[in-house]
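Data first, discussion second: the structure below is written as structure tokens.
Only the coordinates and a few stated rules stand behind these numbers; no lab work does. Predicted, not measured: the structure shown is a model, and the values here were computed from it. Virtual Cβ from ideal backbone geometry, glycine too; neighbours counted across all protein chains shown.
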Amino acid sequence: MHCARCGTECLPEQKFCKNCGNALAADGAQAIPPVFPPLAVQAAPPPPPAYYPPPAAPMAYPAAQPLAYQAVPQPVYYVTAQAAATQAHHVQQNVMHNLRARIQSLASTEELEGFSLPQMFSEVFKRRGADEVEDYILVGTLRTTPPIDVVETGWPKPWLFFRLLAALVIAYAALTFICTETGNTNCIPGIMFLGAFAVPLATLMLFFELNSPRNVSLHMVGKLFLAGAVISLGVALLGYSLPIFQLGTWEAGIVEEVAKLLTVVVIMRTARFKYILNGILFGATVGAGFACFETAGYALNDGFLAGLLPVVVQTGQLTVAGTQAGVSQMLSILLLRGILSPLGHVAWTAIAAGAFWRVKGDKPFSVSMLFDHRFLMAFLIPVSMHAIWDAPWQLPFLGNDILTGLISWYVVFGLVQQGLHQVKDEQKMHLQTTLDKVEASLQAPGTVTV
């Protein structure tokens, strides 16, 4: 039989259509509709068609062109003038700091403390009477040496050196004026020696004032000045005669510095003078004598005679023009060497002798002191400064002389500071010894304590 609803063929024994579930009537009767109609089975709607964008048009490439290279711009940093000046100042400070550190390490000195040139020379133009000047000079004997307790240990304030310099320069200028105006050749030796001695002697007086213990007299300084100059010049000339010192201009740094130092050591080897400041003064004295005699020799040979002889050879006689030429060249030599003399021999020998006295102290002299590390390293400074001074290559505007002079005086002031500290330490020891004696006397039996 067939289902009345969907027409599906069904078996007689089936009560419901196998396709739609409709109830089948018995004996082929009309099928009874169901109480609840079956849910219609619907197919799922088809998915929307996928969207594919249209293909892009092919890119048109330009025709081949030759490659052209173009520099890529680099970033530019702008620095203000103030920032550049600050940076340059910092670089300069670092360079100076490193240079000072190297010098201090070589000389075994410390950074200068409380040092000021304007403060140091603040009493140069102070008015002083003749009695004060005489009392200031008369020191260094057994009766005029001040006790260690009253010695000033601050930076000295020298002033007498300037008066000596002014007096010698005025005498030199007056004698030069007389010679040039009158043409009298008898003035030439006086001009030569005043010009050669003026600045070195004034510099020596400065070192005399830097000797704070005031235990060296002017009488002793004068003897050392003359004897030291003659002996050191003789030793230097003997040194130059050795074959090893015939190689070049560097030899002066070794020969002359060794000659001056040995002269100081031989003459002033007594143990009475034990302070570093004493050694600095002794070295400056011999160096000043050496500088005076050397400048006088240059003034005669490279100055007066060098200017005079060409005119004499040309004219065949000694003329006024030849004398004037010789005097003019001599004055040029005296002026140049006079200005530079404080930067040379006086400071160099002061460094060498001060470094040696730092090792020697109050002990008798022994050869082993000359091989002490602290002395040898410091002694290299004047030797090298002298060699640079005489080097064949020269910086413009007397750069070699000024540079070596500034370094030398920086070392000198470093040694002076050590000398002042040495005096201060001895004052403390002397005060402690005095206190110990007073305490011992107060604790002695029979002593009445108030």
List the lysines whose Cα sits under 19 Å from the Cα of Lys437, skipping any in the same chain fewer than 8 residues away. Lys428
Please compute the modelled spin-label separation between Gln314 and Glu113, points set 7 Å along Cα→Cβ, answer in nm with one decimal. 6.3
Could you derive backbone 3J(HN,Hα) for the stretch 111-118 from the dihedral phi with the Karplus parameters 6.51, -1.76 and 1.60 (θ = phi - 60°), listing whole Hz in sequence and x where the residue is Gly or Pro? 4, 5, 10, x, 8, 8, 4, x
With θ taken as phi - 60° and the coefficients 6.51, -1.76 and 1.60, list the Karplus ³J(HN,Hα) couplings across the stretch 275-292 in order, rounded to whole Hz; mark glycine and proline as x. 8, 4, 5, 5, x, 4, 5, 4, x, 5, 5, 5, x, 5, x, 4, 5, 4
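Work out how much length Glu13 to Val133 would gain on full extension: take 0.36 nm times their residue separation and subtract the Cα-Cα distance, in nm to one decimal. Spell out each step's value before the answer.
Numbers: separation 120, 0.36 × 120 = 43.20 nm, distance 16.06 nm.
That works out to 27.1 nm of additional length.
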Would you work out the relative contact order for the stretch 159-226, in percent, from Cα pairs under 8 angstrom that are 6 or more residues apart? 42
May I ask you to compute the full-extension gain from Asp436 to Gln394, defined as 0.36 nm times their residue separation minus their alpha-carbon distance, rounded to one decimal in nm? 9.1 nm
Contour minus Cα-Cα span, Asp302 to Phe162, at 0.36 nm per residue, comes to 47.5 nm
Positive minus negative residues near Gly253 (Lys, Arg vs Asp, Glu; Cβ under 12 Å): -3
Give me the distance between the Cα centres of the stretch 381-397 and the stretch 189-234, rounded to whole Å. 24
Residue-ordered couplings for the stretch 125-133, obtained by feeding phi - 60° into the Karplus form 6.51 cos²θ - 1.76 cosθ + 1.60 and rounding to whole Hz (Gly and Pro as x), are 9, 6, 6, 9, x, 5, 5, 5, 5
Using modelled backbone amide H atoms (1.01 Å from N, in-plane), which distant-in-sequence or interchain residues come within less than 5 Å of Phe16's amide H? Leu24
